[in-house]
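The values are calculated or read from the model by the stated rules, or taken from the named source; none is laboratory data. No experiment lies behind these values; they were computed from the predicted model shown. All Cβ positions, glycine included, derive from the backbone under ideal geometry; neighbour counts span all protein chains shown.
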Amino acid sequence: MKRAVRILPALVLTGLLSVAPPLGASSHSSRDIDVKTRVGADSVTVGEKLRVSYELTFPDSVSFVPPEAFETGTCRLLSVTWKEEKSKGRTTKTAELEVMTTDLGKAELPAMTFLFTTPKGDTLTARSDEVALGVRRLTQAESKPKPLKPQWEAPRGYGFLIVIAAVLAAAGVAFWLVRRWRKRKVVEAIEPELPADFVALRKLEEIERMALVDSGEVKKYYTLVVDVLRGYIEKRYGFLAMDQTTDEILWDLRRLHVDAADIEPGLREADLVKFAKHRPETAGARGLIDAVRAIAARTAPRPLAAAQYA
(Lines give C-alpha, C1' and ligand atoms only; values in the text may rest on other atoms or scores of the structure.)
Protein backbone atom coordinates (compact mmCIF):
# COMPACT_ATOMS: atom_id res chain seq x y z
CA MET A 1 0.00 0.00 0.00
CA LYS A 2 2.79 2.43 0.89
CA ARG A 3 4.55 1.59 -2.38
CA ALA A 4 1.39 2.46 -4.37
CA VAL A 5 1.16 5.81 -2.57
CA ARG A 6 4.76 6.67 -3.58
CA ILE A 7 4.22 5.69 -7.23
CA LEU A 8 0.97 7.68 -7.70
CA PRO A 9 2.51 11.20 -7.42
CA ALA A 10 5.27 10.21 -9.86
CA LEU A 11 2.71 9.11 -12.41
CA VAL A 12 0.74 12.36 -12.01
CA LEU A 13 3.90 14.45 -12.41
CA THR A 14 4.90 12.52 -15.52
CA GLY A 15 1.47 13.10 -17.10
CA LEU A 16 1.58 16.83 -16.44
CA LEU A 17 5.03 17.16 -17.98
CA SER A 18 3.90 15.32 -21.10
CA VAL A 19 0.94 17.72 -21.56
CA ALA A 20 2.76 21.00 -20.79
CA PRO A 21 4.42 22.82 -23.77
CA PRO A 22 8.21 23.12 -23.83
CA LEU A 23 9.64 26.20 -22.14
CA GLY A 24 10.20 29.15 -24.48
CA ALA A 25 7.85 27.83 -27.24
CA SER A 26 5.34 30.37 -28.67
CA SER A 27 2.77 30.35 -31.49
CA HIS A 28 0.33 32.79 -33.09
CA SER A 29 -2.85 31.98 -34.96
CA SER A 30 -4.14 34.02 -37.87
CA ARG A 31 -6.58 35.67 -35.45
CA ASP A 32 -3.67 37.82 -34.27
CA ILE A 33 -3.38 39.23 -37.80
CA ASP A 34 -5.70 41.98 -39.02
CA VAL A 35 -6.17 42.78 -42.73
CA LYS A 36 -8.10 45.89 -43.78
CA THR A 37 -8.99 46.66 -47.41
CA ARG A 38 -9.64 50.26 -48.45
CA VAL A 39 -10.85 51.55 -51.83
CA GLY A 40 -10.57 55.15 -52.99
CA ALA A 41 -13.95 55.37 -54.79
CA ASP A 42 -17.39 53.74 -55.06
CA SER A 43 -17.27 53.49 -58.86
CA VAL A 44 -14.91 54.26 -61.75
CA THR A 45 -14.97 55.03 -65.45
CA VAL A 46 -13.07 53.08 -68.09
CA GLY A 47 -9.39 54.06 -67.94
CA GLU A 48 -9.76 55.95 -64.63
CA LYS A 49 -7.06 55.41 -62.00
CA LEU A 50 -8.19 53.84 -58.70
CA ARG A 51 -6.33 53.52 -55.39
CA VAL A 52 -6.68 50.32 -53.32
CA SER A 53 -4.79 49.71 -50.07
CA TYR A 54 -4.20 46.60 -47.94
CA GLU A 55 -3.31 47.34 -44.29
CA LEU A 56 -1.73 44.35 -42.48
CA THR A 57 -1.30 44.50 -38.68
CA PHE A 58 0.47 41.61 -36.92
CA PRO A 59 2.66 40.86 -33.84
CA ASP A 60 6.38 41.60 -34.07
CA SER A 61 7.08 37.93 -33.30
CA VAL A 62 5.53 36.97 -36.66
CA SER A 63 7.50 37.47 -39.88
CA PHE A 64 5.70 38.82 -42.95
CA VAL A 65 6.39 37.12 -46.29
CA PRO A 66 6.01 39.76 -49.05
CA PRO A 67 3.99 38.60 -52.06
CA GLU A 68 5.86 38.19 -55.32
CA ALA A 69 2.97 39.72 -57.28
CA PHE A 70 -0.55 41.08 -56.94
CA GLU A 71 -3.47 39.51 -58.83
CA THR A 72 -5.68 42.42 -59.95
CA GLY A 73 -8.55 40.64 -61.72
CA THR A 74 -10.24 42.86 -64.31
CA CYS A 75 -7.94 45.79 -63.51
CA ARG A 76 -4.44 46.67 -64.66
CA LEU A 77 -1.82 47.26 -61.96
CA LEU A 78 0.04 50.55 -62.49
CA SER A 79 2.15 50.83 -59.32
CA VAL A 80 2.66 49.42 -55.80
CA THR A 81 4.24 51.16 -52.79
CA TRP A 82 4.74 49.83 -49.25
CA LYS A 83 4.72 51.66 -45.90
CA GLU A 84 5.64 50.30 -42.45
CA GLU A 85 4.89 51.41 -38.88
CA LYS A 86 5.64 49.79 -35.49
CA SER A 87 3.81 50.40 -32.23
CA LYS A 88 3.45 48.47 -28.93
CA GLY A 89 4.80 45.18 -30.16
CA ARG A 90 2.84 45.17 -33.41
CA THR A 91 3.82 46.00 -36.97
CA THR A 92 1.56 47.59 -39.61
CA LYS A 93 2.49 47.24 -43.28
CA THR A 94 0.37 49.01 -45.90
CA ALA A 95 0.44 48.20 -49.62
CA GLU A 96 -0.81 51.13 -51.73
CA LEU A 97 -1.94 49.94 -55.19
CA GLU A 98 -2.79 52.16 -58.14
CA VAL A 99 -4.89 50.27 -60.70
CA MET A 100 -6.89 51.07 -63.83
CA THR A 101 -9.93 49.22 -65.17
CA THR A 102 -10.33 48.43 -68.86
CA ASP A 103 -13.48 46.33 -68.44
CA LEU A 104 -16.77 47.96 -69.45
CA GLY A 105 -18.93 46.02 -67.00
CA LYS A 106 -17.05 45.70 -63.73
CA ALA A 107 -13.89 46.51 -61.81
CA GLU A 108 -12.95 43.57 -59.59
CA LEU A 109 -9.88 42.63 -57.57
CA PRO A 110 -9.97 39.15 -56.02
CA ALA A 111 -9.24 38.59 -52.33
CA MET A 112 -5.48 38.52 -51.62
CA THR A 113 -3.87 35.85 -49.41
CA PHE A 114 -0.93 37.12 -47.32
CA LEU A 115 1.61 34.73 -45.73
CA PHE A 116 3.35 34.94 -42.33
CA THR A 117 5.79 32.65 -40.50
CA THR A 118 6.17 31.98 -36.77
CA PRO A 119 9.50 31.46 -34.93
CA LYS A 120 8.77 27.71 -34.97
CA GLY A 121 8.56 27.75 -38.76
CA ASP A 122 4.76 27.45 -39.01
CA THR A 123 3.00 29.30 -41.84
CA LEU A 124 -0.03 31.51 -41.14
CA THR A 125 -2.35 33.05 -43.71
CA ALA A 126 -4.68 36.03 -43.71
CA ARG A 127 -7.03 37.07 -46.51
CA SER A 128 -8.21 40.49 -47.56
CA ASP A 129 -11.69 41.39 -48.76
CA GLU A 130 -12.34 41.28 -52.47
CA VAL A 131 -13.00 44.57 -54.28
CA ALA A 132 -15.96 44.92 -56.66
CA LEU A 133 -16.95 48.29 -58.13
CA GLY A 134 -19.36 49.40 -60.81
CA VAL A 135 -18.05 50.98 -64.01
CA ARG A 136 -19.68 54.27 -65.01
CA ARG A 137 -20.16 55.18 -68.66
CA LEU A 138 -19.46 58.76 -69.65
CA THR A 139 -22.03 58.57 -72.41
CA GLN A 140 -25.78 58.66 -71.95
CA ALA A 141 -27.75 57.03 -74.74
CA GLU A 142 -30.82 59.14 -74.14
CA SER A 143 -29.03 62.50 -74.14
CA LYS A 144 -28.90 64.65 -77.27
CA PRO A 145 -26.59 67.61 -77.99
CA LYS A 146 -28.19 70.90 -77.00
CA PRO A 147 -28.65 73.45 -79.81
CA LEU A 148 -26.25 76.38 -79.83
CA LYS A 149 -27.52 79.71 -78.53
CA PRO A 150 -27.91 82.46 -81.15
CA GLN A 151 -24.91 84.76 -81.42
CA TRP A 152 -25.28 88.06 -79.58
CA GLU A 153 -25.40 91.11 -81.84
CA ALA A 154 -24.40 94.52 -80.62
CA PRO A 155 -27.03 97.24 -81.02
CA ARG A 156 -26.43 99.63 -83.85
CA GLY A 157 -24.57 102.80 -82.94
CA TYR A 158 -22.38 101.14 -80.31
CA GLY A 159 -19.60 99.97 -82.60
CA PHE A 160 -17.19 102.75 -81.56
CA LEU A 161 -17.63 101.91 -77.85
CA ILE A 162 -17.05 98.19 -78.54
CA VAL A 163 -13.80 98.96 -80.34
CA ILE A 164 -12.60 101.11 -77.41
CA ALA A 165 -13.50 98.37 -74.91
CA ALA A 166 -11.66 95.75 -76.94
CA VAL A 167 -8.54 97.92 -77.15
CA LEU A 168 -8.58 98.58 -73.40
CA ALA A 169 -9.07 94.88 -72.64
CA ALA A 170 -6.17 93.92 -74.92
CA ALA A 171 -3.94 96.55 -73.31
CA GLY A 172 -4.85 95.26 -69.84
CA VAL A 173 -4.04 91.67 -70.77
CA ALA A 174 -0.72 92.71 -72.33
CA PHE A 175 0.22 94.73 -69.20
CA TRP A 176 -0.61 91.77 -66.93
CA LEU A 177 1.43 89.36 -69.05
CA VAL A 178 4.47 91.67 -69.05
CA ARG A 179 4.36 92.11 -65.27
CA ARG A 180 4.01 88.40 -64.72
CA TRP A 181 6.92 87.65 -67.04
CA ARG A 182 9.15 90.14 -65.24
CA LYS A 183 8.32 88.90 -61.74
CA ARG A 184 9.08 85.20 -62.13
CA LYS A 185 9.85 82.45 -64.56
CA VAL A 186 7.04 80.07 -65.31
CA VAL A 187 8.11 76.49 -64.68
CA GLU A 188 5.98 74.10 -66.68
CA ALA A 189 5.25 70.75 -65.05
CA ILE A 190 6.12 67.82 -67.23
CA GLU A 191 3.09 65.54 -67.44
CA PRO A 192 3.94 61.85 -67.18
CA GLU A 193 3.31 59.93 -70.38
CA LEU A 194 0.08 57.96 -70.07
CA PRO A 195 -0.17 54.31 -71.16
CA ALA A 196 -1.25 53.79 -74.77
CA ASP A 197 -4.39 51.86 -73.83
CA PHE A 198 -5.38 54.54 -71.29
CA VAL A 199 -5.19 57.25 -73.99
CA ALA A 200 -7.10 55.11 -76.51
CA LEU A 201 -9.94 54.33 -74.10
CA ARG A 202 -10.38 58.00 -73.22
CA LYS A 203 -10.52 59.03 -76.89
CA LEU A 204 -13.06 56.30 -77.67
CA GLU A 205 -15.30 57.59 -74.87
CA GLU A 206 -15.14 61.09 -76.40
CA ILE A 207 -16.04 59.77 -79.86
CA GLU A 208 -18.93 57.75 -78.44
CA ARG A 209 -20.36 60.90 -76.84
CA MET A 210 -20.47 62.60 -80.26
CA ALA A 211 -23.23 60.17 -81.46
CA LEU A 212 -21.95 60.34 -85.05
CA VAL A 213 -23.67 57.12 -86.13
CA ASP A 214 -27.07 58.42 -85.00
CA SER A 215 -26.55 61.66 -86.93
CA GLY A 216 -25.55 59.78 -90.11
CA GLU A 217 -21.88 60.81 -90.08
CA VAL A 218 -20.67 57.24 -90.50
CA LYS A 219 -17.55 58.08 -92.53
CA LYS A 220 -16.34 60.59 -89.95
CA TYR A 221 -17.10 58.07 -87.19
CA TYR A 222 -15.02 55.33 -88.86
CA THR A 223 -12.18 57.75 -89.57
CA LEU A 224 -11.95 58.90 -85.93
CA VAL A 225 -12.22 55.41 -84.41
CA VAL A 226 -9.65 53.85 -86.75
CA ASP A 227 -7.30 56.80 -86.15
CA VAL A 228 -7.50 55.94 -82.44
CA LEU A 229 -6.65 52.31 -83.29
CA ARG A 230 -3.74 53.38 -85.51
CA GLY A 231 -2.46 55.76 -82.83
CA TYR A 232 -2.65 53.02 -80.21
CA ILE A 233 -0.75 50.56 -82.44
CA GLU A 234 1.90 53.20 -83.16
CA LYS A 235 2.45 54.01 -79.49
CA ARG A 236 2.20 50.38 -78.33
CA TYR A 237 4.50 48.76 -80.91
CA GLY A 238 6.75 51.66 -81.95
CA PHE A 239 6.24 52.04 -85.71
CA LEU A 240 4.55 54.80 -87.74
CA ALA A 241 1.10 53.23 -88.12
CA MET A 242 -0.62 56.60 -88.70
CA ASP A 243 1.21 57.04 -92.03
CA GLN A 244 0.92 53.44 -93.26
CA THR A 245 -1.62 51.56 -95.31
CA THR A 246 -3.59 48.70 -93.81
CA ASP A 247 -1.36 46.12 -95.51
CA GLU A 248 1.79 47.81 -94.20
CA ILE A 249 0.41 47.87 -90.64
CA LEU A 250 -0.51 44.18 -90.79
CA TRP A 251 2.92 43.32 -92.20
CA ASP A 252 4.70 45.12 -89.37
CA LEU A 253 2.46 43.46 -86.75
CA ARG A 254 3.24 40.01 -88.14
CA ARG A 255 6.93 40.93 -88.23
CA LEU A 256 6.66 41.63 -84.48
CA HIS A 257 4.76 38.34 -83.99
CA VAL A 258 1.57 40.14 -82.93
CA ASP A 259 -1.72 38.32 -83.48
CA ALA A 260 -3.66 40.66 -85.79
CA ALA A 261 -6.74 38.45 -86.26
CA ASP A 262 -9.06 40.91 -84.48
CA ILE A 263 -7.23 44.03 -85.72
CA GLU A 264 -7.49 43.41 -89.47
CA PRO A 265 -11.34 43.41 -89.79
CA GLY A 266 -11.72 46.93 -88.36
CA LEU A 267 -8.96 48.34 -90.58
CA ARG A 268 -10.39 46.67 -93.71
CA GLU A 269 -13.95 47.84 -93.04
CA ALA A 270 -12.75 51.40 -92.40
CA ASP A 271 -10.98 51.34 -95.79
CA LEU A 272 -14.26 50.29 -97.46
CA VAL A 273 -16.19 53.08 -95.74
CA LYS A 274 -13.59 55.76 -96.53
CA PHE A 275 -12.67 54.79 -100.10
CA ALA A 276 -15.44 52.53 -101.48
CA LYS A 277 -18.48 54.37 -100.02
CA HIS A 278 -19.49 51.26 -98.07
CA ARG A 279 -22.48 51.81 -95.73
CA PRO A 280 -22.31 49.36 -92.81
CA GLU A 281 -25.33 48.50 -90.68
CA THR A 282 -25.93 50.71 -87.64
CA ALA A 283 -25.36 47.90 -85.14
CA GLY A 284 -22.12 46.90 -86.83
CA ALA A 285 -20.89 50.47 -86.89
CA ARG A 286 -21.55 50.94 -83.16
CA GLY A 287 -19.70 47.69 -82.48
CA LEU A 288 -16.47 49.10 -83.93
CA ILE A 289 -15.74 51.07 -80.74
CA ASP A 290 -16.19 47.99 -78.55
CA ALA A 291 -13.93 46.01 -80.92
CA VAL A 292 -11.15 48.60 -80.57
CA ARG A 293 -11.62 48.61 -76.78
CA ALA A 294 -11.21 44.83 -76.77
CA ILE A 295 -8.02 45.11 -78.86
CA ALA A 296 -6.54 47.62 -76.40
CA ALA A 297 -7.51 45.43 -73.44
CA ARG A 298 -6.00 42.32 -75.05
CA THR A 299 -2.72 43.78 -76.29
CA ALA A 300 -1.89 46.20 -73.45
CA PRO A 301 1.13 45.10 -71.39
CA ARG A 302 -0.31 43.14 -68.47
CA PRO A 303 2.46 41.36 -66.58
CA LEU A 304 1.78 40.87 -62.88
CA ALA A 305 3.84 43.72 -61.49
CA ALA A 306 6.25 42.61 -58.76
CA ALA A 307 5.58 44.24 -55.40
CA GLN A 308 8.13 46.90 -54.62
CA TYR A 309 8.54 45.72 -51.04
CA ALA A 310 10.57 47.72 -48.60
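Only residues that are loosely packed, with under 14 Cβ neighbours inside 10 Å, at pLDDT 85 or above and closer than 30 Å to residue 293 by Cβ were counted in segment 70-103, giving 1. Residue 106: within 20 Å of residue 198 (Cα to Cα) and surrounded by fewer than 16 Cβ atoms within 10 Å (Cβ to Cβ), yes or no? So residue 106 passes the test.
When 177, 201 are checked against the criterion of being in contact with a Gly (Cβ under 6 Å, 6 or more places away or on another chain) and either of a type outside the set (Val, Ile, Thr) or modelled with pLDDT under 70 (or both), 201 stands alone in meeting it.
If you go through segment 85-136 and pick out every residue that is of a type in the set (S, T, N, Q), assigned to a strand (DSSP E or B) and farther than 25 Å from residue 40 by Cα, you end up with 4. Listed by first and then second residue, the pairs with beta-carbon distance under 6 Å, at least 6 apart or on different chains, first residue in segment 31-55 and within 20 Å of residue 194 (Cα to Cα), second among the charged types (D, E, K, R) and outside any strand (DSSP E or B), are 47/202. Among the residues of segment 247-281, those identified as charged (D, E, K, R) and farther than 17 Å from residue 292 by Cα are 247, 248, 252, 254, 255, 274, 277, 279, 281. Remark: pairs (first residue in segment 199-211, within 12 Å of residue 225 (Cβ to Cβ) and assigned by TED's automatic domain parsing to the domain that holds residue 282; second residue modelled with pLDDT under 90 and surrounded by fewer than 17 Cβ atoms within 10 Å (Cβ to Cβ); Cβ separation under 6 Å; 6+ apart in sequence or on different chains) = 205/138; 208/139. When the residues of segment 33-66 are filtered to those that are among the β-branched types (Val, Ile, Thr) and outside any loop (DSSP other than H, G, I, E, B), the one that is surrounded by the most Cβ atoms within 10 Å (Cβ to Cβ) is 52.
The listed residues are 293, 254, 279, 230, and the only one of them that is modelled with pLDDT under 90 and either assigned to a loop (DSSP other than H, G, I, E, B) or outside the structural domain of residue 100 (by TED's automatic domain parsing) (or both) turns out to be 279. The residues of segment 212-225 that are without any contact (Cβ under 8 Å) to a residue 60 or more places away in the chain and within 29 Å of the chain's Cα centre (by Cα), listed by number, are 212, 223, 224.
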